[in-house]
1. For the stretch 289-300, which positions are crowded, with 21+ Cβ neighbours inside 10 Å and in contact with a helix residue (DSSP H, G or I) (Cβ under 6 Å, 6 or more places away or on another chain)?
2. Across the stretch 49-75, what is the total count of residues that are part of a loop (DSSP other than H, G, I, E, B) and within 15 Å of residue 16 (Cα to Cα)?
3. Kindly list, by first and then second residue, each pair from a residue in the stretch 251-279 that is free of Cβ contacts under 8 Å to residues at least 60 places away in the same chain and within 21 Å of residue 333 (Cα to Cα) to a residue that is near ligand 2 (Cβ under 9 Å from one of its atoms) and in a helix (DSSP H, G or I), limited to pairs with Cβ atoms under 9 Å and residues at least 6 apart or on different chains.
4. Looking only at residues that are within 17 Å of the chain's Cα centre (by Cα) and part of a helix (DSSP H, G or I) in the stretch 22-48, which one is farthest from ligand 3 (Cβ to nearest atom)?
5. Take the residues in the stretch 40-53 that are surrounded by fewer than 17 Cβ atoms within 10 Å (Cβ to Cβ) and closer than 15 Å to residue 151 by Cα, then tell me which one is farthest from ligand 1 (Cβ to nearest atom).
6. Please count how many residues of the stretch 217-242 are away from ligand 2 (no atom under 16 Å from the Cβ) and crowded, with 24+ Cβ neighbours inside 10 Å.
7. Given the structure, is residue 318 surrounded by fewer than 24 Cβ atoms within 10 Å (Cβ to Cβ), more than 16 Å from ligand 3 (Cβ to nearest atom), under 28 Å from residue 209 (Cβ atoms) and at pLDDT 95 or above?
8. Which of the residues spanning the stretch 260-307 are within 14 Å of ligand 1 (Cβ to nearest atom), in a helix (DSSP H, G or I) and within 15 Å of residue 322 (Cα to Cα)?
Ligand code: AMP
Ligand code: MG
Ligand code: MG
């Protein structure tokens, strides 16, 4: 089935399969208990799970799609094997030096990677779908893959396991077009025999799969934001959105899951800390149910190989009424954030994206569940205690 499918469908299908394998690695490292924590920067951690999961994902996808550019978060995770041998990434075009604040993950093709780290399978579930028309002719050189092997590493080390996701974002012609959000510990509170993990994936023009959508409570306005990278500006901007409650959780992937499942209305992060591998996959999964993920100015980001890694425009994401939240951001906050560089116009892509926005109330069997609350790992605060609570208690 894979051989006949369009390239983009094969890339998504292989990414789903390898994300499942990476999630098994993430679970195994935790079970073993030897996390190998390294502090990369202030409040920025890497563990053995980040390193091994990234090796698995990048080595596997590179083997299957050698001409596709791949960028991963952990640029020194190869240990003397996958090292940064040069700026000429064998994964594809070298990013524009001016924009490179982190080096591309480069794999020395001559180095041996342990055989059991390769996952070369495909997801039949993905291949059962037709490729959206506008993506049928996409070529290897037009694709860039953004990998965050473990999103929410801080929470992983603290036992807040619902916050952890493995993200593989796929862009074409600079636009995020498809994404995988794999949640390795989904169901982990359901008892020792529960099957762990779920894979949510989406393609703009096709839809998003692997979750159930609920209708948002109409009489509330719930905003989600960071729990481990908050500061005065983050808090002030959330407050300016006048939420009825705030859900502070880890991970960009996890917060977008809360959005698409109808548990929060908006994800607001007035910070330059998120990177392209944090947002590429979530953006597509969200857009494929009619939502939007932009910077603080409401501008959609570009995910081409030459873009800067940091999202210096901040993050705003919603399932609907995006302009409402863009307008709520105070002007003096907007002034702190860059206007993101946009990808080139692509009318057929834009049409597919807008069609999701028009269809969002009828697709995927939306159900109403008024009493639903965000997952129990969330530290949820009311508007009045938000400003007072900057220490962000951790609930284990
Ligand atoms: P959070 O919402 O704080 O969990 O952040 C979402 C993603 O962005 C995570 O992968 C974080 O590692 C990353 N991130 C956000 N802010 C920062 C920061 N100040 N430094 C490093 N990484 C950050
Ligand atoms: Mg991340
Ligand atoms: Mg990460």
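The values are calculated or read from the model by the stated rules, or taken from the named source; none is laboratory data. Worth saying up front: this structure is predicted, and the values here are computed from it rather than measured. All Cβ positions, even for glycine, are placed from backbone atoms using ideal geometry, and neighbour counts span all protein chains on display.
1. First, the residues of the stretch 289-300 that are crowded, with 21+ Cβ neighbours inside 10 Å: 289-296.
Across the stretch 289-300, the qualifying residues are 289, 290, 292, 293, 296.
2. Of all residues in the stretch 49-75, those part of a loop (DSSP other than H, G, I, E, B) come to 65-68, 73-75.
Subset that is within 15 Å of residue 16 (Cα to Cα): 65.
Total satisfying the criteria: 1.
3. Listed pairs, sorted by first residue: 267/252; 269/252; 274/252.
4. Filtering the stretch 22-48 for residues that are within 17 Å of the chain's Cα centre (by Cα) and part of a helix (DSSP H, G or I), the one farthest from ligand 3 (Cβ to nearest atom) comes out as 23.
5. Step one: list which residues in the stretch 40-53 are surrounded by fewer than 17 Cβ atoms within 10 Å (Cβ to Cβ), which gives 40-44.
Of the ones still in play, those that are also closer than 15 Å to residue 151 by Cα are 40, 43-44.
Values: 40: 8, 43: 6, 44: 4 Å.
Once the filter is applied, the top-ranked residue is 40.
6. Residues flagged as away from ligand 2 (no atom under 16 Å from the Cβ) and crowded, with 24+ Cβ neighbours inside 10 Å within the stretch 217-242 amount to 3.
7. On the way: surrounded by fewer than 24 Cβ atoms within 10 Å (Cβ to Cβ): yes; more than 16 Å from ligand 3 (Cβ to nearest atom): yes; under 28 Å from residue 209 (Cβ atoms): yes; at pLDDT 95 or above: yes.
It is true that residue 318 is surrounded by fewer than 24 Cβ atoms within 10 Å (Cβ to Cβ), more than 16 Å from ligand 3 (Cβ to nearest atom), under 28 Å from residue 209 (Cβ atoms) and at pLDDT 95 or above.
8. Within the stretch 260-307, 283 is the sole residue that qualifies.
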